[in-house]
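Step one of this worksheet: look at the structure below.
The values are calculated or read from the model by the stated rules, or taken from the named source; none is laboratory data. Fair warning: this is a prediction, and the values are worked out from it, not measured in the lab. Note that each Cβ is placed from the backbone with ideal geometry, even for glycine, and that neighbours are counted across all protein chains shown.
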């Protein structure tokens with residue numbers, strides 16, 4: 001018997017979503033910020049996909065309801081947020097110290113720590129380890145960090161077969177599809193489609209389309225892989241500096257399989273994943289589970305330290321990834337971006353994400369956190385439309401377990417984008433840029449402002465119909481009038497009314 | 001009690017009736033209202049779009065203008081939020097200690113309209129009459145930046161003849177977001193459509209709020225779609241003393257632009 | 001493209017530049033860590049009996065079968081659970097008390113068992129380190145009586161012995177119980193689950209799908225205090 005209820009996230013961190021129509025699209029979604037379309041254009045196909053929008057909204061509603069219930073139950077929720085935020089800030093303000101401590105302790109426990117300056121470094125380090133191990137296949141626990149560095153295609157090209165082990169990822173990998181949602185990446189694929197994929201790729205002719213049977217088919221399919229492939233790659237939810245331990249948080253159990261059965265384990269983690277001490281997990285684990293999936297605790301947490309003789313992988317590597325993070329660390333307002341624990345609460349709360357899903361962000365990291373993280377990882381050379389992909393409503397800040405003031409960072413990044421772009425010739429005649437420069441001049445003197453109001457009334461008067469409303473405007477105004485009317489400018493401004501009233505009084 | 005009205009650039013231009021209503025309301029409550037004709041804009045539009053440098057000069061102007069004012073009342077949550085949340089950072093960055101101190105002294109004297117009524121005047125019943133079914137839309141700035149809480153409800157509760165219907169999904173953004181409404185017009189419209197569904201469900205004749213910005217967006221769509229519903233700033237409800245007093249729609253009929 | 005040690009130097013250099021410190025500052029870090037705000041609930045407020053009730057309630061929410069016994073009845077309780085299960089081949093960590101190993105079963109004592117052997121076993125019997133009532137969590141530190149991680153992962157049924165004295169109410173209380181941080185931890189809060197197919201929640205993907213917990217009431221004295 002099945003219950004229609006959203007289950008916990010299959011793994012933290014999780015693969016970002018891409019929207020996708022029910023039929024495979026002619027052009028596939030691109031999660032590469034150097035190639036993806038700007039946000040306003042990227043949303044268009046999604047907005048026209050009712051099925052996907054409905055699925056996203058439904059998924060979000062279920063998680064939000066669960067989260068709300070548990071947050072209300074947790075009477076010390078705000079204190080936990082303060083503590084979580086403090087712990088992450090402390091880790092960041094002494095990041096060098098903690099990373100060195102982590103390295104020392106992990107190494108002492110038999111692990112090997114590698115440092116990767118950028119994505120290419122990380123990919124090369126991992127492939128080199130695999131070559132040394134003579135590994136022709138790897139099993140993977142889903143990790144956003146590996147997607148960030150585009151690891152899978154690189155390994156495949158290097159002759160290593162990559163097997164994802166999260167259920168949604170298998171559905172997508174075997175069906176050659178793309179994830180469409182961060183929490184339930186394959187929610188756009190219905191059961192008969194899954195049946196068709198599994199029957200074909202797993203050779204199971206008599207498979208039914210009951211989700212229980214399909215899950216069992218995946219369980220069996222993966223069983224042999226877990227038992228036979230001796231090399232695994234994971235991410236890390238947290239790195240504990242005090243002990244040199246790695247923490248992985250999950251729901252399906254594939255994580256435990258990957259980090260227990262193989263001979264060699266490679267964990268890749270952004271340098272910001274550090275928490276100072278073991279005890280800090282008492283805060284982080286409480287806020288993570290509730291924020292991400294609305295559970296008091298997700299099914300499995302695994303913590304391990306280097307190598308334990310006789311138990312689990314006997315060769316363990318950690319790859320610490322910078323890839324732009326040390327630069328974000330340097331920014332006074334920007335640094336809080338790195339507090340993120342990849343819970344996805346922000347995107348579950350985001351009214352923009354609710355309409356667009358994740359694909360439109362054109363990045364491994366979507367939603368509010370993606371809007372601030374992605375452009376910064378790109379050193380503001382790409383994804384400049386993302387800081388504007390927000391109405392600044394603040395819902396994300398309200399739910400963020402580590403209190404990242406996402407709107408504050410969005411505003412900072414917007415000013416960086418404008419600073420970058422305003423000198424470009426093409427922006428000089430951009431109506432938005434031109435309009436705002438002129439507006440600033442007009443606001444500097446009341447008489448200029450008033451004159452502009454009069455001119456504006458005359459100008460807009462040309463577009464105002466008998467009913468006193470404007471139904472259509474050109475240029476930038478057209479973006480307003482494509483779905484909304486605008487009431488015509490009243491004959492008398494407030495200040496003119498006041499002046500007249502003053503005059504009358506005298 | 002004296003209060004200076006900061007009408008805001010967009011209300012001055014697009015919704016003067018809101019300003020007139022604020023004056024009517026405050027004078028009825030015995031407040032002496034003044035208005036500085038030099039005022040223009042608080043700088044929010046520029047700051048929020050990334051034109052930080054431009055916002056500096058506007059912030060300076062505003063602060064200098066209200067040096068000696070007892071209280072500044074603003075019928076717009078987002079402008080108050082700009083002053084409370086962003087001005088501190090701006091003045092810090094400007095590095096002018098004198099200005100920063102001037103601003104710090106002014107800050108506690110800047111109030112949003114419902115804050116002024118409830119916290120300063122300590123009044124809930126403002127003697128209003130508005131015999132219509134009304135729902136209240138909580139703007140994001142009012143909700144999350146100013147934490148207006150139950151102030152709007154306490155005021156609406158005391159309006160004679162008003163039939164209040166609560167709005168579902170109250171904390172969900174309507175999609176206006178300032179320049180977001182044109183930079184990401186399609187998403188803005190999608191969010192607006194969802195919001196309108198909730199508003200229509202209430203069966204209200206009027207959707208009110210403490211921000212004309214949201215109402216311009218929602219009301220514009222209502223008008224486009226012949227939805228048979230109107231938007232109205234809460235100041236106009238509170239100022240209303242007679243049947244069918246003011247509304248955006250009837251304003252237009254009474255003072256047609258053409 | 002740099003070698004790892006060059007990268008290490010460059011990355012640390014950038015980090016220390018970004019955080020405004022010349023070099024490693026462990027004392028300052030320690031001081032600031034100690035000053036962090038911790039206003040959240042640390043110790044639980046439930047009575048002993050209420051805590052146990054909450055633990056059992058949460059375990060049952062996860063579809064675990066929970067039975068209670070007095071300390072002197074433990075071996076018999078284990079035997080009863082094994083009998084009821086209908087299973088024969090059971091993995092056991094090498095450090096289990098011998099009286100727990102009820103006769104008549106195919107006990108696979110884990111002294112470096114091959115993975116294939118564990119895979120073929122029908123169940124596993126272990127102790128545990130601690131359990132957290134608030135979230136219904138069983139915590140394993142993989143000691144001699146809890147066993148290697150693989151033995152509580154591959155078999156489909158986990159029979160777990162939990163003493164009432166091991167039950168705490170809150171997560172911070174578990175951390176307080178760790179004198180020194182453990183090297184290996186697995187926390188289990190219900191069976192694995194997924195909702196990846198049409199949002200339908202399916203329990204038991206990887207890892208044991210069934211769990212029975214024997215709750216040993218070592219918290220009750222003969223005169224029933226508390």
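Structural remarks
- Within segment A:274-321, tally of residues that are in contact with a helix residue (DSSP H, G or I) (Cβ under 7 Å, 6 or more places away or on another chain) and at positive phi: 3
- For segment C:179-212, residues that are part of a loop (DSSP other than H, G, I, E, B) and facing chain A (nearest Cβ under 7 Å) total 15.
- Selection status of residue C:125, under 20 Å from residue C:74 (Cα atoms) and buried (at least 21 other Cβ atoms within 10 Å of the Cβ): yes
- Scanning segment C:20-34 for residues that are touching a helix residue (DSSP H, G or I) at 6+ places or on another chain (Cβ under 6 Å) and at pLDDT 85 or above, we see that the one that is nearest to residue A:279 (Cα to Cα) is C:33.
- Applying the criterion of at least 3 residues that are at pLDDT 90 or above and within 10 Å of another protein chain (Cβ to nearest Cβ) to the helices (runs of 4 or more DSSP H) found wholly in segment A:159-273 leaves A:211-228, A:254-260.
- Condition met for residue C:137 (surrounded by 24 or more Cβ atoms within 10 Å (Cβ to Cβ) and touching a strand residue (DSSP E or B) at 6+ places or on another chain (Cβ under 9 Å)): yes
- Top-ranked residue of segment A:442-464 - restricted to ones that are in contact with a helix residue (DSSP H, G or I) (Cβ under 6 Å, 6 or more places away or on another chain) and more than 7 Å from every other protein chain (Cβ to nearest Cβ), ranked as farthest from residue A:474 (Cα to Cα): A:448
- Pick from segment B:193-221, criterion over 18 Å from residue B:44 (Cα atoms) and facing chain A (nearest Cβ under 10 Å), ranking: surrounded by the fewest Cβ atoms within 10 Å (Cβ to Cβ): B:193
- Residues in segment A:102-119 that are surrounded by fewer than 24 Cβ atoms within 10 Å (Cβ to Cβ) and within 14 Å of residue A:273 (Cβ to Cβ): A:103, A:113.
- Yes/no for residue A:283 being at pLDDT 95 or above and either more than 8 Å from chain C (Cβ to nearest Cβ) or in a loop (DSSP other than H, G, I, E, B) (or both): no
- Exactly one residue out of C:214, C:202 is touching a helix residue (DSSP H, G or I) at 6+ places or on another chain (Cβ under 6 Å) and more than 21 Å from residue C:126 (Cβ to Cβ): that is C:202.
- Residue match in segment B:204-225 (condition: on the phi > 0 side of the Ramachandran plot and assigned to a loop (DSSP other than H, G, I, E, B)): no
- Helices (runs of 4 or more DSSP H) lying entirely in segment C:1-113 (those with 1 or more residues that are surrounded by fewer than 19 Cβ atoms within 10 Å (Cβ to Cβ) and within 14 Å of another protein chain (Cβ to nearest Cβ)): C:4-18, C:26-34, C:48-61
- Scanning segment A:304-327 for residues that are over 19 Å from residue C:9 (Cα atoms) and outside any loop (DSSP other than H, G, I, E, B) turns up A:304, A:305, A:308, A:311, A:315, A:316.
- The one condition in (1) facing chain B (nearest Cβ under 8 Å); (2) surrounded by fewer than 24 Cβ atoms within 10 Å (Cβ to Cβ) that residue A:393 fails to fulfil: (2)
- Qualifying residue in segment B:80-96 (condition: over 17 Å from the mean Cα position of the chain (by Cα), under 25 Å from residue B:14 (Cβ atoms) and buried (at least 19 other Cβ atoms within 10 Å of the Cβ)): yes
- Residue A:186 being within 21 Å of residue C:6 (Cβ to Cβ) and touching a helix residue (DSSP H, G or I) at 6+ places or on another chain (Cβ under 8 Å): no
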